[in-house]
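Participant: I'd like to ask you about the structure that follows.
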Amino acid sequence: MKPNIIVIMADDLGYGDIGCYGANPKNLKTPNIDKLAANGLRFTSGYCSASTCTPTRFSFLTGKYAFRQKNTGIAPPNGPAIIQPDVETLPSLMKKAGYATAVIGKWHLGLGGPNGPDWNGKLKPGPRDIGFDYCYLLPTTNDRVPQVYVENSHVKNLDPNDPLWVGRKKPNPEHPTGITHRSLLKMDWSHGHNSTIHNGISRIGFYTGGHSARFRDEDLADEWVKQSNKWIKANKNNPFFLFFSSHDLHVPRIPHERFRGTSALSYRGDVIVQLDWCVGELMKTLDQLKLSDNTLIVFCSDNGPVGDDGYKDEALEKMANHDPNGPFSGGKYSILEGGTRTPFITYWPGKIKQGVSDKIVCTIDMAASFAALTGINLPKDACPDSFNIIDALLGNEGAKGRKHLVQQDNGKGGNYGYRVGKWKLQRHDSKRKRNVIVTNKLASSPAPRFALFDLSNDVEEKNDVSIEYPKVFTRMQKELQEIISSGKSRP
């Protein structure tokens, strides 16, 4: 019997943000995620492929490094569909294997044709054109407009007499914004997030209308759980693949009222507790339907942590002794380990033995790995950077993870990390300085174009050893360039 597969992807969750990876229970408790780790496989070298959301999600679904496609930077509110219908994807492979497929939660990969989404019409192409049978989406990311749900190909509950308009410029001089009407905000902005106000929070971009379709931030997590459980129950008699795409911990961090104050870390900690609740609710449903023993769960994050990401939500002020990066440096937007090395857990009762693995695994590998698990031959030109590491994900004896991995930032800067075993090469092509976390604050320091680090004794990437190991340094520069230039890394 083919297993059900659920991928739970958190947003901006750092390596040190949950209990099983070292978070202090006095700061916050994550019993449900910890239960996955206690009864599954916890990876110490589990990665996403980029340090921001859009490129990681693109790579997760396509098995292709995002730097190979030009439009994979952080998607704007009116961005067109980034993944086209003729591309083989993880969900399209699962459909070939006979699976029902769904994505529920944050999308942020664009909708519609070259001119962007028709918010008042049919939103095509979209998830249903690349392999998903069903989708229930936050169309962009919640610090960007509009605050509506998309179900399948339409904005849910949209009143045609109150059409939705989304744009980059202020629609009229009286349109309230976080700048002109700052006193109305229930959560103030710190930088950038100061355009249209909805639910007392100002966002990036402008929109009007669609009032009957708008949601309340506090209800997002509940809605993802509700719709996921509904879909699982409807598909319980068939093998299914669910991409549960959480918006937690992304800004604006607005937990439901019942989670407010449940951590010692203010809003950022409270939404981690909320995320953990979501995991627990999905587990309850699987148990109730007697599906747990035939369901593989992968828990991961789309990139590393960030403190102040545009709102004054006390993330830095209430960080206390909590280190969201764990032992690593960097974070979101960075090619340091903290940007892409995140919590990564696999769980499958009776199939995966409890343990800890140091194998290198990445979200980009799920396409090839799940194809192998479900007996699907991966077409030669599909998923060009996705490796079959299913044995490592299942903890099978003698399993090997990735031999090498390319990490990138948000796609615009052209900055790369390249890990091979214990070695890590940094390549900074942009003129930006590299981001590092200093006392839980994001700071910048000058970065040479190339630097080499030995992660076996320097996980913080402080000591450039390129002079001590010139052959390794030269070899890795060449290998990285070959991977970038070749168009593929999968044999």
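Readers should treat all values here as calculations from the given coordinates under stated rules, not as data from a laboratory. The structure presented is a predicted model; accordingly, all values stated were derived computationally and were not measured. Every residue, glycine among them, receives a Cβ derived from its backbone with ideal geometry; neighbour counts consider all protein chains shown.
Participant: Kindly rank 449-457, 135-143 from highest to lowest mean number of other beta carbons found within 10 Å of each residue.
Facilitator: Numbers: 449-457: 16.3, 135-143: 24.4.
Peptide ranking by packing, descending: 135-143, 449-457.
Participant: Note down the nm distance, to one decimal, between modelled labels 7 Å out along Cα→Cβ at K156 and at N172.
Facilitator: About 3.0 nm, to one decimal.
Participant: Right, another one. Show me the ranking of peptides 281-288, 300-307 by mean Cβ neighbours inside 10 Å, starting with the highest. Write down the numbers at each step before the final one.
Facilitator: Working: 281-288: 16.6, 300-307: 27.6.
Order by mean packing, descending: 300-307, 281-288.
Participant: So how far, in whole Å, is the C-alpha centre of region 84-154 from the one of region 363-426?
Facilitator: 24
Participant: For E151, list long-range residues whose amide hydrogen, built 1.01 Å from N in the peptide plane, is under 5 Å from its own amide hydrogen.
Facilitator: Those qualifying (amide H under 5 Å, at least 5 residues apart or on another chain) are L137, K156.
Participant: Beyond 31 Å, what share of the Cα-Cα pairs of the chain remains, rounded to the nearest whole percent?
Facilitator: 40
Participant: Which whole number in µm²/s is D for region 236-277 by Stokes-Einstein, with the Kirkwood Rh taken over Cα pairs at 4 °C and 1.567 mPa s?
Facilitator: It comes out at roughly 113 µm²/s.
Participant: Then there's this: Just to be sure I understand the model, the point goes 7 Å from the Cα along the line to the Cβ. What's the resulting D293 to L184 distance in nm?
Facilitator: A separation of 5.7 nm, rounded to one decimal place.
Participant: If packing is taken as the average number of other Cβ atoms within 10 Å across a peptide's residues, how do 188-199, 35-46 rank, most packed first?
Facilitator: 35-46, 188-199
Participant: Just to confirm the filter: which GluC sites (Glu not before Pro) across region 156-232 are DSSP coil and have at most 12 other Cβ within 10 angstrom of their Cβ?
Facilitator: E174
Participant: Quick one: Kirkwood hydrodynamic radius for region 30-189, alpha-carbon pairs, angstrom, one decimal?
Facilitator: 17.8
Participant: Among DSSP bridges having both ends in the chain, what percentage is antiparallel? Round to the nearest 5.
Facilitator: 55
Participant: What does the extension gain come out to for N396 and A372, with contour length at 0.36 nm per residue minus their alpha carbon separation? It would help to have the intermediate numbers written out before the result.
Facilitator: Working: separation 24, 0.36 × 24 = 8.64 nm, distance 1.42 nm.
Full extension from N396 to A372 adds 7.2 nm.
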